[in-house]
Amino acid sequence: MSNYSIGVDLGGTKILAGVIDTNTGTVIEYSKKRTQTEFGKNSIIQNIIENVEKAICKAQIPVSKISSLGIGAAGQVDREKGILISSPNIECYDIELKNILENHFNIPVYVGNDVEVATLGEMKFGSGIGYKNFVCIFIGAGIGSGIVQNGEIYQGFTGTAGEIGHIIVDSGGRACSCGGHGCLEAYASRTAIEKKILASLKKGHNSVIRDIIKDEEQIRSRHIKQALEEGDEIVLNCITEASEYLSSGLATIINFYNPQLIILGGGLISNIDFFYEITVKKTIAKSLPTPSERVKITRTALGDFSGIVGASLLEKAYLEKLN
Ligand SMILES: [Zn+2]
């Protein structure tokens, strides 16, 4: 078996594809594109194919030397059939990723959930090296987590474990995309922070964020970072509030699961030191003494590449399970 595999991270905002050396976790080359959800299933598949082909071309490695293609998709997946069943962020249903991509590239295709594969990447080649029981939490458009138990990804009875974005931090509170109320991601995800900032602007509060984002559609973590550096009070309040809720969620994880390690990832965490640091401080203060004294909290080591590195390892993980 060749040691090169393709890893694809299919998210609501971007599609990232890379050629990975699966022995070392090295990203040989990669290609990135905005996810075009507005033209439906076929254009998403086309986006993936173009991205993968571009990464292969840049890496100058023939397809015959690539053993598999793994894909981590943001949403609910059927791992056996390789189907993306539903995804609120990609706004598409029943995409037969495995069938279509196997026919196109003529190599085996493996499909997993995006957070699950990013956790696999961090476990094998990132901040999780040397740890057997930990949780990887990603704060982006939503909030998701991967659970590692005894060195293996724990998927839960029905395969949906780790939905930390939907633990309830405010009973009867803000509406969440899941249909419930008061969920963590309705308070601490990038989307939630963006909504809160926009609501403050609507009320007429002064903020530099309007000048920073110019005519871009969304408030990104880099915009938030810049606003904080310029001392913007609206953004500071929104970030502080989000960290209050996020730390409550993380303290719950520490008390409930007693992990050795918590790995935090996503744009807000990797780009904004202030957000990361106050969240860690508040988390430790809110958790029970015994588990919080020993738990280590850190950031992802692979950053943006956790997903593609993890996805490229899906074939190996699958074969290990068979043996
Ligand atoms: Zn929810």
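Summary table
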quantity	calculated
Only listed residue being buried (at least 18 other Cβ atoms within 10 Å of the Cβ) and under 23 Å from Glu116 (Cβ atoms), chosen from Ile193, Ile254	Ile254
Subset of region 26-59 (residues that are more than 29 Å from Asn3 (Cβ to Cβ), free of Cβ contacts under 8 Å to residues at least 40 places away in the same chain and of a type outside the set (Lys, Arg))	Gln36, Glu38, Phe39, Asn42, Ser43
Qualifying residue in region 168-175 (condition: aliphatic (A, V, I, L, M), assigned to a strand (DSSP E or B) and either buried (at least 19 other Cβ atoms within 10 Å of the Cβ) or out of contact with any His (no Cβ under 9 Å at 6 or more places or on another chain) (or both))	no
Breaking point among (1) of a type in the set (A, V, I, L, M, F, W, C); (2) within 15 Å of the ligand (Cβ to nearest atom); (3) in a helix (DSSP H, G or I), for Ala227	(2)
Check on Leu261, under 21 Å from Ser127 (Cα atoms) and surrounded by 16 or more Cβ atoms within 10 Å (Cβ to Cβ)	yes
Per-region count, region 1-46, residues among the acidic types (Asp, Glu) and modelled with pLDDT under 95	1
Failed criterion for Asn206 (all others in (1) within 16 Å of the ligand (Cβ to nearest atom); (2) part of a loop (DSSP other than H, G, I, E, B) hold)	(1)
Every residue from region 1-25 that is touching a residue at least 60 places away in the same chain (Cβ under 8 Å) and part of a loop (DSSP other than H, G, I, E, B)	Met1, Ser2, Asn3, Gly11, Gly12, Thr13, Thr22, Thr24, Gly25
Of all residues in region 162-203 being at pLDDT below 90 and closer than 30 Å to Phe256 by Cβ, the one that is farthest from the ligand (Cβ to nearest atom)	Ser177
Arg222, sole failed condition from (1) over 30 Å from Arg79 (Cβ atoms); (2) modelled with pLDDT under 95; (3) within 16 Å of the ligand (Cβ to nearest atom)	(3)
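The values are calculated or read from the model by the stated rules, or taken from the named source; none is laboratory data. This one's a predicted model, so the numbers in the text were calculated from it and none came from an experiment. So basically every Cβ, Gly included, is an ideal-geometry build from the backbone, and we count neighbours across all protein chains shown.
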